[in-house]
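The values are calculated or read from the model by the stated rules, or taken from the named source; none is laboratory data. Since the model is a prediction, treat every value here as computed from it, not as a measurement. Note: ideal-geometry Cβ built from the backbone for every residue, glycine included; neighbour counts use all protein chains shown. Heads up: the accessible areas ignore ligands, DNA and RNA and are worked out on the full protein's heavy atoms, side chains in. Shrake-Rupley method; radii C 1.70, N 1.55, O 1.52, S 1.80 Å.
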Amino acid sequence: QVQLVESGGGLVQAGGSLRLSCAASGRTFSSWTMAWFRQAPGKEREFVAAISWNGANRYYADSVKGRFTISKDNAKNRVYLQMNSLKPEDTAVYYCAARSGSANYREINEYDYWGRGTQVTVSS
């Protein structure tokens, strides 16, 4: 069974930075599409960022473009989300997601495996 575990969340002031990490275990982690989604209370889970299996292609929601960077290390079975210039509206639980092969990266139903999430809170 594939296991995804997020870490790196916390409390930060507006304008600050956090780096999230997602560790995968249970099988080889090559040729996978990886993504980050987030969900605030009472709201639907929304796409944040995705990265192709070889790391060559990266995609971002308009709301985070220019501020967040997704990266991947296949050898270490990890994916990262560097978050800069954080805003209060970025406050949410952030989830790591994965699937084998390529995917329609923005669609939540494309992903087969999910972590339990890590809380990010940005104060004003």
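Residues that are surrounded by fewer than 20 Cβ atoms within 10 Å (Cβ to Cβ) and either small (Gly, Ala, Ser) or under 23 Å from residue 57 (Cα atoms) (or both) within segment 81-104 comprise 82, 84, 85, 99, 100, 101, 102, 104, listed in sequence order.
Just to be sure, is residue 37 part of a strand (DSSP E or B), farther than 14 Å from residue 118 by Cα, touching a helix residue (DSSP H, G or I) at 6+ places or on another chain (Cβ under 9 Å) and hydrophobic (A, V, I, L, M, F, W, C)? Against the criterion (part of a strand (DSSP E or B), farther than 14 Å from residue 118 by Cα, touching a helix residue (DSSP H, G or I) at 6+ places or on another chain (Cβ under 9 Å) and hydrophobic (A, V, I, L, M, F, W, C)), residue 37 does not qualify.
Step by step: first the residues of segment 8-20, then only those that are of a type outside the set (Val, Ile, Thr) and open to solvent by less than 50 Å² (accessible area, probe 1.4 Å), then the one that is farthest from residue 92 (Cα to Cα). Which residue is that? If we take residues in segment 8-20 being of a type outside the set (Val, Ile, Thr) and open to solvent by less than 50 Å² (accessible area, probe 1.4 Å), then 16 is farthest from residue 92 (Cα to Cα).
Comparison of 36, 53 shows that the only residue that is among the aromatic types (Phe, Trp, Tyr), open to solvent by less than 30 Å² (accessible area, probe 1.4 Å) and either in contact with a Phe, Trp or Tyr (Cβ under 8 Å, 6 or more places away or on another chain) or at pLDDT 95 or above (or both) is 36.
Selection of segment 104-124 for residues being farther than 18 Å from residue 77 by Cβ and either of a type outside the set (D, E, K, R) or over 15 Å from the mean Cα position of the chain (by Cα) (or both) yields 104, 105, 108, 109, 117, 119, 120, 121, 122, 123, 124.
State whether the residues of segment 4-13 include one that is modelled with pLDDT of 95 or more, within 30 Å of residue 124 (Cβ to Cβ), among the small types (Gly, Ala, Ser) and outside any loop (DSSP other than H, G, I, E, B). Looking through segment 4-13, at least one residue is modelled with pLDDT of 95 or more, within 30 Å of residue 124 (Cβ to Cβ), among the small types (Gly, Ala, Ser) and outside any loop (DSSP other than H, G, I, E, B). Considering only residues in segment 40-70 that are in a strand (DSSP E or B) and touching a Leu at 6+ places or on another chain (Cβ under 8 Å), the one that is nearest to residue 99 (Cα to Cα) turns out to be 49. If you check residue 23 against the conditions, is it open to solvent by 20 Å² or more (accessible area, probe 1.4 Å), in a strand (DSSP E or B), within 14 Å of residue 4 (Cβ to Cβ) and among the small types (Gly, Ala, Ser)? For residue 23, the condition - open to solvent by 20 Å² or more (accessible area, probe 1.4 Å), in a strand (DSSP E or B), within 14 Å of residue 4 (Cβ to Cβ) and among the small types (Gly, Ala, Ser) - is met. Of 42, 101, 117, all but one fail to be more than 19 Å from residue 22 (Cα to Cα) and either free of Cβ contacts under 8 Å to residues at least 24 places away in the same chain or out of contact with any helix residue (DSSP H, G or I) (no Cβ under 6 Å at 6 or more places or on another chain) (or both); the exception is 42.
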